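Shown next, in structure tokens, is the structure this report addresses.
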Amino acid sequence: MNGSPRTGIGMTSARTRGRMIERLREQKISDAMVLAAMGVVPRHLFIDQALESRAYEDTALPIGFGQTISSPYIVARMTELARNNRILHRVLEIGTGCGYQAAVLAQVAREVVTMERIAALVGQTRKRYRELHIGNVKLKHGDGMQGFMEGAPYDAIVVAAAFATVPEALKAQLADGGRLVMPLGDEQQILLLVIRHGNEFVEEKLESVKFVPLLPGVA
Ligand code: SAH
């Protein structure tokens, strides 16, 4: 991943990423593939240059349009839950934003489809992926509540915005044994894991989280 005009701080950011990985280990992220993925994706290149020095802090940051990039911990946590030590073929992400989570998923999956409702964010992320030579992520402008049927079934679905219920379309697009991870709720949110076994869906409620809302329609 290079070729971007902003890779100049290269070694410094590699060292900073190393410290981020140490912190993720302390926070009990243990999947070696996930830690390796977090170690190679240049998080500072997914946010505005003015915030670049804060890119590796354990915090969400603004990405414009009232949206945020999730904290390193939550990206790692959701990726680990989605992967569950499996080889992932196809993964769907809802809520591309700046494209960071999808780029991390793309390190642990053969192919990622990511959907975003705000056209301007899709455009920015498409340009960023071109510059970073990220080729195994398909970007779709659309309402992720409907999922993306053409790419189904998915081994994992990661939703990066909160909603009161799990959209039925997303459950239907999970492969057998597939795992969906999403924040559930509005003000009070909890991370939900849904695992598909045939036509049964087993739900597990995990820790409290704070995400932007999943909104209907496109912008
Ligand atoms: N995945 C991002 C997080 C982006 S924040 C990361 O790597 O940090 C969540 C994103 O979900 C926002 O960009 C928001 O516009 C988008 N979103 C909200 N509702 C949506 C919907 N129905 N379909 C697709 N994207 C949606």
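The values are calculated or read from the model by the stated rules, or taken from the named source; none is laboratory data. Remember, it's a predicted structure, so these values are computed and weren't measured experimentally. In this analysis, Cβ positions are derived from the backbone assuming ideal geometry, glycine residues included, and neighbour counts consider all displayed protein chains. Accessible surface areas use protein heavy atoms only, side chains included; no ligands, DNA or RNA. Shrake-Rupley method; radii C 1.70, N 1.55, O 1.52, S 1.80 Å.
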Exercise. Counting only protein heavy atoms and using a 1.4 Å probe, what share of the accessible area of the chain belongs to carbon plus sulfur, as a whole percent?
Worked result: 53 percent
Exercise. Accessible area per residue, 1.4 Å probe, Å², for region 10-209: what's the number?
Worked result: 44 Å²
Problem set entry | Coordinate range along principal axes, alpha carbons of region 66-219, Å, largest first | 40, 34, 28
Exercise. Which of L174, L61, L206 moves most in a GNM of the chain, Cα contacts under 10 Å?
Worked result: L206
Exercise. Using alpha-carbon positions, what is the distance between the centroids of region 68-85 and region 124-138, in Å?
Worked result: 20 Å
For this session: Could you work out which residue, out of P153, P183, P167, moves most in a Gaussian network model of the chain, that is, has the largest mean-square fluctuation with Cα springs under 10 Å?
Result: P167
Problem set entry | DSSP bridge pairs, region 10-209: antiparallel proportion in percent, nearest 5 | 45 percent
Problem set entry | Contact order relative to length of the chain, as percent, for alpha carbon pairs under 8 angstrom and 6 or more apart | 16 percent
Exercise. Among all the lysines, which ones have a C-alpha under 24 Å from K28's C-alpha, if same-chain residues fewer than 8 places away are not counted?
Worked result: K205, K210
Seminar exercise, completed: Computed over the chain: longest principal axis from alpha-carbon atoms vs helix 72-83 long axis, angle to nearest 10 degrees, is 40 degrees
Problem set entry | Loop-located GluC sites (Glu not before Pro) in region 124-200, at most 11 other Cβ atoms within 10 Å (DSSP) | E187
Exercise. For region 1-151, which semi-axes, largest first and in whole Å, follow from the square roots of 5 times the eigenvalues of its Cα gyration tensor?
Worked result: 22, 19, 14
Exercise. How high is the FRET efficiency between V40 and E131 when r is their beta carbon distance and R₀ equals 22 Å, given to the nearest 0.05?
Worked result: 0.90
